[in-house]
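*Asks:* Below is one structure. I have some questions about it.
The values are calculated or read from the model by the stated rules, or taken from the named source; none is laboratory data. Every value quoted in this text rests on a predicted model; they were computed, and no experiment measured them. Every residue, glycine among them, receives a Cβ derived from its backbone with ideal geometry; neighbour counts consider all protein chains shown. Ligands, DNA and RNA are excluded from the accessible area calculation, which covers all protein heavy atoms including side chains. Shrake-Rupley method; radii C 1.70, N 1.55, O 1.52, S 1.80 Å.
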Amino acid sequence: WVRFWDTASTEKKPDNEPDFTAGALIGRSPQGQYYIADMRRWREDPAQMDLMLKATAYFDTVRVPIRMEQEPAAGGKIAIHHFRTVCFDRFDFVGIPAVSKGSKTMAASPVASQADAGNVYMVEGDWNEEFLDEVEIFPDGLHDDQVDAMSGAFRILARSAIFGLKLGTANDPFVHEDSGWRPDATPHFTY
């Protein structure tokens, strides 16, 4: 399991249509099926976003690795340092270098290919309709944040499968903790 975040930090107001912060929780079975278990999405200011990221991490438990794309240059390093020390200080969190070549459509094509093959499943939840609406009109819709989060999580899981890595173990070059997701997890942090 992995939770991958695509972040934004502009609060919704009557005169704007900002991007969303979106976080996809996806797992991969030993047989190669992918399970989209949860999608979080919101538009909040940075302080509220920090609280909601932390609350989600506690809900997922420390057993779920957290990944986020790290933009190039100093701004990306500063952002990842902030998330590591403020939001995810007790969690397996790593910034992953941004995919520099290709479009968002290319980044989403591996998970689309697996979905076409019948290898992607979605857990029923109150987030399904908004997620499916975005996926259906991608890449022509106004927003692609959930697709970006899904593509990022898929990239991490596919990479770990290709190289025989288990996220959260000593042979994972990004991390040092056990991975896995407890479906019976309860939140330990309220906001």
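*Asks:* For the range 72-117, take N as its residue count and report Rg(C-alpha) divided by 2.2 N^0.38 Å. Intermediate results must be reported in sequence, preceding the final value.
*Replies:* Numbers: Rg = 14.8 Å, N = 46, 2.2 N^0.38 = 9.4 Å.
Normalised Rg, Cα atoms only: 1.57.
*Asks:* Taking a 1.4 Å probe, which of 82, 143 shows the most accessible area, and what order do the others take after it? Intermediate results must be reported in sequence, preceding the final value.
*Replies:* On the way: 82 65, 143 30 Å².
Largest accessible area first, the residues go 82, 143.
*Asks:* How high is the FRET efficiency from residue 17 to residue 84, r the C-beta distance, R0 30 Å, rounded to 0.05?
*Replies:* The pair residue 17/residue 84 has a calculated efficiency of 0.50.
*Asks:* If you don't mind, another one. With 17 Å as the cut-off, how large is the P(r) tail for the range 3-143, expressed as percent of Cα-Cα pairs? Let's see the in-between values first.
*Replies:* On the way: 6496 of 9870 pairs.
Here the long-distance tail beyond 17 Å is 66 percent of all Cα pairs in the range 3-143.
*Asks:* Quick check: from the Cα gyration tensor, does the range 1-78 come out rounded (a/c under 1.5), prolate or oblate?
*Replies:* Prolate, since a/c reaches 1.5 and a/b exceeds b/c.
*Asks:* Which value, in Å² and to the nearest 10, is the accessible area of residue 51 when all protein chains are kept and the probe is 1.4 Å?
*Replies:* We get 80 Å² for residue 51.
*Asks:* Oh, and also: Under a Cβ-only charge scheme (Lys and Arg +1, Asp and Glu -1), can you give me the dipole magnitude of the range 1-109 about the Cα centre, in debye to the nearest 20? Show your work: numbers first, answer last.
*Replies:* Working: 15 positive and 14 negative charges, 76 e Å.
Dipole about the Cα centre, nearest 20: 360 debye.
*Asks:* Okay, moving on. Using a 1.4 Å probe, how large is the accessible area of residue 137, given in Å² and rounded to the nearest 10?
*Replies:* Counting only protein heavy atoms, residue 137 exposes about 90 Å² to solvent.
*Asks:* From the protein chains alone at 1.4 Å, what is the descending order of accessible area for 94, 120, largest first?
*Replies:* So, going from the largest accessible area down, we get 120, 94.
*Asks:* A further question follows. Calculate the FRET efficiency for residue 48 and residue 106 from the Cβ-Cβ distance with a Förster distance of 41 Å, rounded to the nearest 0.05.
*Replies:* Values: r = 33 Å, r/R0 = 0.80.
Result of the calculation: an efficiency of 0.80.
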